[in-house]
1. Pairs of Cα atoms under 8 Å, at least six residues apart: use those to get the relative contact order of region B:243-352, whole percent.
2. Counting alpha carbon pairs within less than 8 Å and at least 6 residues apart, what relative contact order, in whole percent, applies to chain B?
3. Once you list every other residue whose beta carbon is under 15 Å from the beta carbon of B:Ile208, what net charge do they have if Lys and Arg are +1 and Asp and Glu are -1?
4. Would you work out if chain B is rounded, prolate or oblate? Take a ≥ b ≥ c from the square roots of the eigenvalues of the alpha-carbon gyration tensor; rounded if a/c is under 1.5, else prolate when a/b is larger than b/c, oblate otherwise.
5. Given the C-alpha centroids of region B:240-295 and region B:164-211, what is the distance between them in whole angstrom?
6. When the Cα centres of region B:76-101 and region A:83-124 are compared, how far apart do they sit, in Å?
7. Sort B:Thr120, B:Thr157, B:Thr265, A:Thr150 so that the residue with the fewest other Cβ atoms within 10 Å of its own Cβ comes first and the one with the most comes last.
8. Find the relative contact order for chain A and round it to a whole percent, using C-alpha pairs within less than 8 Å whose residues are 6+ positions apart.
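Bear in mind that the values in this text are calculations on the coordinates, not laboratory data. Given the structure is predicted, the values throughout are model-derived calculations rather than measurements. Don't worry about glycine lacking a Cβ; one is built from the backbone with ideal geometry, like all the others, and counts go over all protein chains shown.
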Amino acid sequence: MENKTPKDYSHIKGWGIDADPKNDPTYPMKHRTDAEHEGYSWDRPTQQPIDVEVLHSIERPNVTAVFGTSVPPSGLSGMIRRFAFKHSENSYLHWLPLLMADRVNVVEGVIEDLGKGSVPNIFAEKGWKADWEHNRTGLIQKVGILALVTTAAVVLLTRKKD
Amino acid sequence: MNYRGPQRVRIDEKPEPKILHPEDAIVRVTRSCICGSDLHLYNGNVPDTRVGTTFGHEFIGEVIEIGSEVQKLKVGDMVIVPFNIACGKCHFCKQGLFGNCHESNSQATAVGAIFGYSHTAGGYDGGQAEYVRVPYADVGPTVIPEGMDPDDAVLLTDVVPTAYQAAEMGGIQKGDTVVIFGAGPIGIMAARCCWLFGAGRVIVIDKIEYRLEFVRNYANCEAYNYEEMDDPVVFIKKTTDWMGADVVIDAVGAEATGNLMQTITGRKLLLQAGSATAAHWAVNSVKKGGIVSIVGVYGPTDNLFPLGNVLNKGLTIRANQAAVKRHLPRLIEHVQNGILNPKALITHRVPLEDVADAYHIFSEKLDNCIKPVLIPPTAR
């Protein structure tokens, strides 16, 4: 389809109805009340009972009034996360250990599955069924490359040294 | 839905959520979308994304239980649940910055809490599930007006408000030329919203042909494939009489393609917080003194970004997570009046049980996918 720049806008429903010449770049921080100078001056909501481990940023003094309880830290990844939360959001010592913990956590997840007697179906989890339906050539290529790389690796590793 | 590692998700049984705070509600999910920003989680790019987490921050559903302090909602209400969790009481919520609430995310101060968006965004399970715990139920959730199509309603949780705020933050004045990088759901809707603010010309840049074709038709705008250009910045300069656009919107974020170095360092090696290609192009293609509006999501660390040009061109950069609650009244009006038609973006309606396939289709842009919505068994 050809690109067109409209000469008039009558065909565009709602054109200009939210135009606001007073929209200045500080919006919506313009409603300052000076309460911000008083720190935690607001009437805090009721505190959710803290009955799971919640890591909190050292850039704040407390746990927020409500918090998520999904997947509390555990295992080796949990230890790494606890270390990360000793450092501020301003530090790589916060973020890089968290990324590392995420990767360790993936291995822990597989071990957990195996411990329950279930082998994770990686192909299903990766949604490769959708590839079979919508991108069959791509899938065949992907599997072909994987087979090639695996074969090459096996050959290299099993080759007798001269 | 259960995250198992980069590009691995599956369906698992979890205990049903409980009321943990007197302002909580439990919602039975009836629609839940996969957002482009979920792909950052899916690809393992967001720090503190724990195995076992349920994603999903774009959902609607029925209130089935309320906490003792909930007054505005009642059991049986069908609600739009904004993606941000906001207390309504802190300094930031009082300013209308519902995306920056200070009483919902213990793990980070730089971002408010978001449903199902890693522990960096609060550690809440999300709505790609049958049931979900919704904190501060009197603040965020909004009852779906009678007669509103649920497919419209679910896109009011994030896509439409984020796109609208992208245009709003652009400070668009009548006749302005606006360039939008990204023809995903946000970019498409942002193109539509820019007209509402009186844009004189709207140009969308992407590389996915079916999406460019869609946005041309949907938003009555120009749309170009950057892979057919030598340099998208030079293209924009040329098409704006060598001045640059008045406003440029980054609607891509961390998964951007188009620059090999950014892709390798930002997406493959994770040496920066995602590929900043779109933000880079935005700064370089906006007019001197212009405004760059960023709604594309990046990680919490650092990005390669032309800060010197921001200074030398005297640019204003405006960015935020959308304050969904602030926009909802106006946007509901626009949907009801037929000004905006969000549901047209939905291309795939997928049973929740097939979540892994839905993620893969969306991530790989298979089957001309623009927006997938997951439908739990209890809602079918």
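1. Working: 163 pairs, mean separation 27.8, N = 110.
Answer for region B:243-352 is 25 percent.
2. Working: 941 pairs, mean separation 65.7, N = 380.
Averaging sequence separation for qualifying contacts and normalising by length gives 17 percent for chain B.
3. Working: positive: B:Lys207, B:Arg211, B:Arg216, B:Lys365, B:Lys371; negative: B:Asp206, B:Glu209, B:Glu213, B:Glu227, B:Glu228, B:Glu255, B:Glu364, B:Asp367.
Here the charged neighbours net out to -3.
4. Working: a/c = 1.62, a/b = 1.50, b/c = 1.08.
Prolate, since a/c reaches 1.5 and a/b exceeds b/c.
5. Region B:240-295 and region B:164-211 have Cα centres spaced 15 Å from each other.
6. Measuring centre to centre over Cα atoms gives 30 Å.
7. Ascending number of Cβ neighbours within 10 Å: A:Thr150, B:Thr265, B:Thr120, B:Thr157.
8. Working: 77 pairs, mean separation 16.9, N = 162.
Over chain A, the number comes to 10 percent.
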